[in-house]
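Novice: To start, I am sharing the structure in question, which I have written as structure tokens.
What follows draws every value from the coordinates through simple rules; no lab data is involved. Given the structure is predicted, the values throughout are model-derived calculations rather than measurements. Backbone-built Cβ (ideal geometry, glycine too); neighbour counts: all protein chains shown.
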């Protein structure tokens, strides 16, 4: 019976980290969308250097994001469109993880209540 309890604790810990991992991914995707929109808005600005988001996975889960600047001026609008689509899909996927986690947590609470 104690092994069953340990398994339940592991599931509980995994479920609590899932939302934080998905939230960091959602935030990174939103930042990527913002940065890409900034690049498109400034594409015609002389000597504008495109910005991009650097993401690094964290040992505790999730990602850390920061904005960096390209070394050379110029914006490739086709690349920005692809970046926006990719960030949009990542945002939606992470949001779906958060929703699914909430649904599963609700189901577990219903079972144990």
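Novice: For the stretch 14-112, calculate the relative contact order in percent as a whole number, restricting contacts to Cα pairs under 8 Å that are 6 or more residues apart. It would help to have the intermediate numbers written out before the result.
Specialist: Details: 122 pairs, mean separation 37.6, N = 99.
Across the stretch 14-112, relative contact order equals 38 percent.
Novice: Would you mind computing the Rg to Rh ratio of the stretch 14-112 from its alpha-carbon coordinates, Kirkwood style for Rh?
Specialist: 1.14
Novice: How far apart, in nanometres, would the label points at residue 60 and residue 40 be if each is projected 7 angstrom from Cα along the Cα-to-Cβ direction?
Specialist: Roughly 3.5 nm, to one decimal.
Novice: Using the basic label-point model (7 angstrom from Cα toward the beta carbon), what is the residue 103 to residue 70 distance in nanometres?
Specialist: 4.0
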